[in-house]
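This report concerns only the one structure given below.
The values are calculated or read from the model by the stated rules, or taken from the named source; none is laboratory data. In this text, all values refer to a predicted model and were calculated from it rather than measured experimentally. Here Cβ is always computed from backbone atoms with ideal geometry, including for glycine, and neighbour counts include all displayed protein chains.
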Amino acid sequence: MAAKVAIIGGGIAGSSVALFLAQEGYDITLFEQESSLVSGPPMCHLHAGGNLYPDISDEQCIKLLKQSIELIGYYPHTIDYRPTLITYPKSSQENPKELHRRLDMLQIIYKELTQQDSTNKRLGEPENYFKSYSYKEAKALQHNPLAVKEPKTLDEWMIQTLREIDLEQLQYPLFIVQEYGLNLFRIAASAELMLQKLPNVTLKLNTKAQTLSRSQDKWLVNEESFDYLINAAGFRSGIIDDLIGKKRSRLVEFKAAYVSRWEKQEHLFPEIIFQGKRGTPEGMGQFTPYPAGYYQLHGMTQDITLYPHGLVKSSPLSAQPRLSSEFLQKIEQKWEWSEVEQRTQAAIRHISRYMPAFSSAKVAAKPLYGAQQIPGEDATLRASEVSFESENYARCETVKASSVFTMAKDIAADMQTKGLIKATTQNVPHYTKEDVDKLATQIAASREYPKAMAGITTLFPAT
Ligand SMILES: Cc1cc2nc3c(=O)[nH]c(=O)nc-3n(C[C@H](O)[C@H](O)[C@H](O)COP(=O)(O)OP(=O)(O)OC[C@H]3O[C@@H](n4cnc5c(N)ncnc54)[C@H](O)[C@@H]3O)c2cc1C
């Protein structure tokens, strides 16, 4: 008989690990306390190269690049293939020089990956991984009269975009990069479509893992016996550690992104980043396009995405960092609409400093928000890994979604080392893009977001 695995938490980590281990032939039970999968903190950006984070190491950037390529393979209908324009305003304390060096390095690595295995070519042609634009080149494109409804080349993506941006406020060069979007609702739908069909997965939705203990070499979860336990409980992972008496140091951070609508726009935009120092009034602004004129906005300032006291850490007495009730109320109940309006308006103002016409955008829906964990004490960590304890216990401490299959593979290797028995391997269940369209739309509506946000703006790899 195949070894029985309990996974606590059906976010992107728990769902992806369930998918991977079920394919390997293990007997999986996934406990998720909510009524659907991947309903925790949001995700909109694939981070293929980590270029939004000037402060992380080259090593983390390379990991994020490789992990993102892998994730696309598992969730092919979830990617919005629009590129990302990265700019450094003159007001920013950082400058674009360092990014240029990093992009050159990542381009070489991406090229090598595609030469080693042609199926890795998931970010478009390596030659087009990024392109830089001087002030003169940007000005020339800004005045290019071409109207491109469905941009294909990087220059075509830039033309319409640069018309909306105040070029005098930026440092040069500008960079457009094949860092794509990742649609939260489509991940939720894809995970559900696959896991529902796998015969060796028991999906326990609306089921909280409440009681946990160890008895005669087995884990008991809600009285049911398992050979291996995986903690994928997201920002609540410390509660599981505390229940079974494991010490762990981690951070938890509450953040929110805001949903706006800018109706006048008929053109497609790339994601646009206005870099700036995190936590200051100049903090990075992130403009993420969805279909039908919806734009998700981040502003890495204390009055937009970040919150005073929003970052908390564990203590020697508890592995669970304690978020204040202000944040738990938002996560578990709801937001005051006045705060939604206030913070979304602040986000619109933040972006329209560099895109003046965007000031006419309106508040469109409740924010996309939540708390996420960061293992250890380094708040800048982005590419995280699985951590193991004795007694067949693993934790998926996800910081960025793309790390989840690396975690799954590491867990599979640990289970193999421990001699846990597998049954027959399973194929990935068949499902189509149309299945994802339909279920993702239902999921967006059931979570009270505009149905259009379940769609993607760009279906083909930008070249
Ligand atoms: C505003 C914001 C924007 C973000 N943007 C991005 C982005 O663009 N790209 C990116 O890669 N990442 C992004 N992130 C980070 C990303 O959201 C997280 O890394 C990711 O969602 C973590 O996934 P997870 O599966 O580990 O945890 P979660 O999604 O939190 O899943 C944990 C699940 O466990 C369940 N659970 C907990 N305890 C129990 C229990 N006892 N019994 C049963 N179920 C339980 C919860 O209900 C939850 O569904 C963002 C985060 C925030 C806050």
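Quick grid of which residues meet (1) of a type in the set (Val, Ile, Thr); (2) surrounded by 19 or more Cβ atoms within 10 Å (Cβ to Cβ); (3) in contact with a His (Cβ under 9 Å, 6 or more places away or on another chain):
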{"site": "134", "(1), (2), (3)": "no, no, no"}
{"site": "137", "(1), (2), (3)": "no, no, no"}
{"site": "143", "(1), (2), (3)": "no, no, no"}
{"site": "148", "(1), (2), (3)": "yes, no, yes"}
{"site": "158", "(1), (2), (3)": "no, yes, no"}
{"site": "171", "(1), (2), (3)": "no, no, no"}
{"site": "175", "(1), (2), (3)": "no, yes, yes"}
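Restricting to the stretch 296-316, give me the number of residues that are closer than 30 Å to residue 441 by Cα and away from the ligand (no atom under 14 Å from the Cβ).
0
Could you tell me whether the stretch 225-232 includes any residue that is touching a helix residue (DSSP H, G or I) at 6+ places or on another chain (Cβ under 6 Å), outside any loop (DSSP other than H, G, I, E, B) and either among the basic types (Lys, Arg) or more than 29 Å from residue 391 (Cα to Cα) (or both)?
Checked the stretch 225-232: no residue is touching a helix residue (DSSP H, G or I) at 6+ places or on another chain (Cβ under 6 Å), outside any loop (DSSP other than H, G, I, E, B) and either among the basic types (Lys, Arg) or more than 29 Å from residue 391 (Cα to Cα) (or both).
Quick one: residue 59 ticks every box in (1) over 17 Å from the mean Cα position of the chain (by Cα); (2) modelled with pLDDT of 95 or more; (3) farther than 23 Å from residue 165 by Cα bar one, so which box is it?
Among (1) over 17 Å from the mean Cα position of the chain (by Cα); (2) modelled with pLDDT of 95 or more; (3) farther than 23 Å from residue 165 by Cα, residue 59 violates only (2).
Of all the residues that make up the stretch 37-69, how many are in a loop (DSSP other than H, G, I, E, B) and within 9 Å of the ligand (Cβ to nearest atom)?
Selection size over the stretch 37-69: 11.
Give the stretch 222-252 a look and list any residue that's near the ligand (Cβ under 7 Å from one of its atoms) and surrounded by 23 or more Cβ atoms within 10 Å (Cβ to Cβ), or say none.
232, 233, 234, 235, 240, listed by residue number.
Could you check how many residues of the stretch 70-103 are in a strand (DSSP E or B) and surrounded by fewer than 22 Cβ atoms within 10 Å (Cβ to Cβ)? Don't jump to the end; show me each part of the working.
Applying the first criterion (in a strand (DSSP E or B)) to the stretch 70-103 yields 79-80, 84-87, 89.
Now drop any that are not surrounded by fewer than 22 Cβ atoms within 10 Å (Cβ to Cβ), which leaves 89.
Qualifying residue count, the stretch 70-103: 1.
When you go through (1) of a type outside the set (Asp, Glu); (2) touching a residue at least 12 places away in the same chain (Cβ under 8 Å); (3) closer than 27 Å to residue 166 by Cβ one by one for residue 97, which number turns out not to apply?
(2)
Which residue is farthest from the chain's Cα centre (by Cα), if the candidates are limited to the stretch 253-264 and must be more than 9 Å from the ligand (Cβ to nearest atom) and either on the phi > 0 side of the Ramachandran plot or not charged (D, E, K, R) (or both)?
Once the filter is applied, the top-ranked residue is 262.
Take the residues in the stretch 407-419 that are surrounded by 19 or more Cβ atoms within 10 Å (Cβ to Cβ) and more than 11 Å from the ligand (Cβ to nearest atom), then tell me which one is farthest from residue 298 (Cα to Cα).
Step one: filter the stretch 407-419 for residues surrounded by 19 or more Cβ atoms within 10 Å (Cβ to Cβ), giving 407-408, 411, 415.
From what's left, more than 11 Å from the ligand (Cβ to nearest atom): 408, 411, 415.
Details: 408: 30, 411: 33, 415: 39 Å.
Within the stretch 407-419, the match that is farthest from residue 298 (Cα to Cα) is 415.
Only one of these is farther than 15 Å from residue 411 by Cβ, in contact with a helix residue (DSSP H, G or I) (Cβ under 9 Å, 6 or more places away or on another chain) and of a type in the set (A, V, I, L, M, F, W, C): 17, 38. Name it.
The match here is 38.
Would the stretch 393-406 turn up any residue that is away from the ligand (no atom under 16 Å from the Cβ) and on the phi < 0 side of the Ramachandran plot?
No, the stretch 393-406 has no match at all.
Is it true that some residue in the stretch 187-197 is out of contact with any Gly (no Cβ under 8 Å at 6 or more places or on another chain) and surrounded by fewer than 16 Cβ atoms within 10 Å (Cβ to Cβ)?
Checked against the condition, which is being out of contact with any Gly (no Cβ under 8 Å at 6 or more places or on another chain) and surrounded by fewer than 16 Cβ atoms within 10 Å (Cβ to Cβ), the stretch 187-197 yields at least one hit.
Can you tell me which condition residue 49 does not meet? The list is (1) at positive phi; (2) surrounded by fewer than 22 Cβ atoms within 10 Å (Cβ to Cβ), and all the others hold.
Every listed condition holds for residue 49 apart from (2).
Which one of these is of a type in the set (D, E, K, R) and modelled with pLDDT under 95: 410, 437, 414, 378? Full working, then the answer.
Working: 410 fails: modelled with pLDDT under 95; 437 fails: modelled with pLDDT under 95; 414 fails: modelled with pLDDT under 95.
Testing whether each residue is of a type in the set (D, E, K, R) and modelled with pLDDT under 95 leaves just 378.
Could we say that residue 22 is crowded, with 24+ Cβ neighbours inside 10 Å and among the small types (Gly, Ala, Ser) here?
Spelling it out, residue 22 is indeed crowded, with 24+ Cβ neighbours inside 10 Å and among the small types (Gly, Ala, Ser).
Which ones in the stretch 388-406 are surrounded by fewer than 24 Cβ atoms within 10 Å (Cβ to Cβ) and over 20 Å from residue 62 (Cα atoms)?
Selection gives 388, 389, 390, 391, 392, 393, 394.
Given the criteria more than 7 Å from the ligand (Cβ to nearest atom), under 12 Å from the mean Cα position of the chain (by Cα) and within 22 Å of residue 256 (Cβ to Cβ), does residue 84 qualify?
Criteria not met by residue 84.
Can you tell me which residue among 379, 394 is outside any loop (DSSP other than H, G, I, E, B) and in contact (Cβ under 8 Å) with a residue 60 or more places away in the chain? Step through it out loud before you land on a result.
Details: 379 fails: outside any loop (DSSP other than H, G, I, E, B).
Exactly one residue qualifies, and that residue is 394.
Matching residues to (1) over 26 Å from residue 369 (Cα atoms); (2) touching a residue at least 24 places away in the same chain (Cβ under 8 Å); (3) in a helix (DSSP H, G or I):
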| position | (1), (2), (3) |
| --- | --- |
| 235 | no, yes, yes |
| 239 | no, yes, yes |
| 245 | yes, no, no |
| 256 | no, yes, no |
| 260 | no, yes, no |
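Specify which of the listed residues (197, 204, 208) is touching a residue at least 24 places away in the same chain (Cβ under 8 Å), more than 10 Å from the ligand (Cβ to nearest atom) and either farther than 29 Å from residue 370 by Cα or among the charged types (D, E, K, R) (or both).
From the options 197, 204, 208, the qualifying one is 197.
What are the residues in the stretch 282-316 that are out of contact with any helix residue (DSSP H, G or I) (no Cβ under 9 Å at 6 or more places or on another chain), surrounded by fewer than 14 Cβ atoms within 10 Å (Cβ to Cβ) and assigned to a loop (DSSP other than H, G, I, E, B), if any?
308, 316 - these are the residues of the stretch 282-316 that are out of contact with any helix residue (DSSP H, G or I) (no Cβ under 9 Å at 6 or more places or on another chain), surrounded by fewer than 14 Cβ atoms within 10 Å (Cβ to Cβ) and assigned to a loop (DSSP other than H, G, I, E, B).
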